[in-house]
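To start, the structure itself, in C-alpha cells.
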Amino acid sequence: MSTPPTNDRPRPRLPWDPPEHFEKRIPEGDNRERLVCGRCEFIHYQNPKIVAGAVCTWEDRILLAKRAIEPRKGAWTLPAGYMELGETTEQAAQREAREEACASIEIDRLLAMYSVARIGQVQIMYRARLLSPDVAAGPESEDVALVTWDQIPWEELAFPTVVWALAHFHESRDKKDFATYSNPTADWARTWPPKKPPGV
C-alpha cells in the first residue's frame with residue numbers, strides 16, 4: 001500500500017528569517033523573549049520602525065499621493081515612509097516628499113507623533129510648506145494631487161494615521177504654537193474603513 005502524500009515538509013527559509021543558529025529565548029537579565037545567537041550570545045533586538053512624513057501645503061491646498069505599491073495600493077496618502085540610517089526625522093520627511101511626489105518642502109514644525117503598536121511603528125508627522133506647486137508622481141505613486149479641504153477623498157485614504165494627521169492639521173492650521181498631537185482617543189480613532197471624522 002502506498003503512503004499518502006503529506007505536507008509535512010519544512011517551510012523554505014525566507015530572506016527575513018533569522019539565521020538558523022539564532023533561537024528565541026529570554027536572555028539573562030531580560031524579561032522577554034529575544035533572538036539570541038547560539039554561538040556567541042549576541043542578542044538581535046527587534047524594535048519598532050520609525051516612519052516620518054508631512055502634511056504639505058501650497059496656499060490652501062494639501063498634497064496627497066495615490067499609492068502605487070501595497071499595502072493599500074490605489075489609496076490616497078500623505079508623503080511618508082521609513083527613515084533611513086544617517087538621517088534626521090526632518091530629512092526623512094523631506095526625502096519622502098521628493099520620492100513620492102517630486103516635491104520640495106520646508107518643514108514648519110512637528111505636528112504629531114503616533115504609536116501604532118499592532119504593526120510596530122512610530123509615525124512622526126510634520127507640518128510643511130511646498131516650495132513650489134510643481135509636483136508629480138514618483139516611483140511609489142500612481143498620481144499626486146493638491147486638494148482643498150473640501151476635496152479630500154476621506155473614504156479613499158490609505159491608513160488611519162492619514163485621517164488622524166489631516167484632522168490634527170486642520171485643528172492646528174491657524175495656530176503657531178500648540179502641543180504635539182498623539183493618538184486620538186475619540187470614537188473616530190477606531191473607525192475603519194476611513195471616513196471624515198465628525199466635527200472637522
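Computed quantities for the displayed model
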| quantity | calculated |
| --- | --- |
| Phe169 in a loop (DSSP other than H, G, I, E, B) and among the aromatic types (Phe, Trp, Tyr) | no |
| Residue among Pro198, Pro194, Pro184 that alone is assigned to a loop (DSSP other than H, G, I, E, B), within 14 Å of Thr77 (Cβ to Cβ) and touching a Phe, Trp or Tyr at 6+ places or on another chain (Cβ under 7 Å) | Pro194 |
| Filtered residue count, region 172-181, keeping only those that are assigned to a helix (DSSP H, G or I) and either among the acidic types (Asp, Glu) or under 19 Å from the mean Cα position of the chain (by Cα) (or both) | 0 |
| Scan of region 142-173 for residues that are without any contact (Cβ under 8 Å) to a residue 60 or more places away in the chain, surrounded by 19 or more Cβ atoms within 10 Å (Cβ to Cβ) and either aromatic (Phe, Trp, Tyr) or farther than 19 Å from Gly199 by Cβ (or both), ordered by number | Trp164 |
| Residues of region 114-162 satisfying the condition of being closer than 19 Å to Ile69 by Cα, assigned to a helix (DSSP H, G or I) and hydrophobic (A, V, I, L, M, F, W, C) | Ile119, Val162 |
| Scope region 62-90; condition of a type outside the set (Asp, Glu) and either at pLDDT below 95 or out of contact with any strand residue (DSSP E or B) (no Cβ under 8 Å at 6 or more places or on another chain) (or both); matching residues | Ile69, Pro71, Arg72, Leu85, Gly86, Thr88 |
| Residues (more than 20 Å from the chain's Cα centre (by Cα) and surrounded by fewer than 21 Cβ atoms within 10 Å (Cβ to Cβ)) located in region 130-139 | Leu131, Ser132, Pro133, Asp134, Ala136 |
| Selection count, region 31-76, where residues are within 15 Å of Phe169 (Cβ to Cβ) and either free of Cβ contacts under 8 Å to residues at least 24 places away in the same chain or surrounded by fewer than 13 Cβ atoms within 10 Å (Cβ to Cβ) (or both) | 2 |
| Subset of region 99-122 (residues that are loosely packed, with under 15 Cβ neighbours inside 10 Å and β-branched (Val, Ile, Thr)) | Ile119 |
| Residue in region 7-25 that is crowded, with 16+ Cβ neighbours inside 10 Å, out of contact with any Gly (no Cβ under 8 Å at 6 or more places or on another chain) and at pLDDT 90 or above present | no |
| Neighbours by Cβ (under 6 Å, 6+ apart or cross-chain): first from region 105-120, over 14 Å from Phe159 (Cα atoms); second aliphatic (A, V, I, L, M) and assigned to a strand (DSSP E or B) | Ile105/Ala128; Ile105/Leu130; Ile107/Ala128; Asp108/Ala128; Leu111/Met125; Ala112/Met125; Met113/Ile124 |
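Residue-wise test of (1) more than 24 Å from Ile152 (Cβ to Cβ); (2) not aromatic (Phe, Trp, Tyr).
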| site | (1), (2) |
| --- | --- |
| His44 | yes, yes |
| Ala52 | no, yes |
| Cys56 | no, yes |
| Ile62 | no, yes |
| Ala65 | no, yes |
| Trp76 | no, no |
| Ala80 | no, yes |
| Thr88 | yes, yes |
| Arg98 | no, yes |
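The values are calculated or read from the model by the stated rules, or taken from the named source; none is laboratory data. Computed from a prediction, not measured in an experiment: that's the story for all the values here. When we count neighbours, we look across all protein chains shown, and the Cβ atoms used for this are built from the backbone with ideal geometry, even at glycine.
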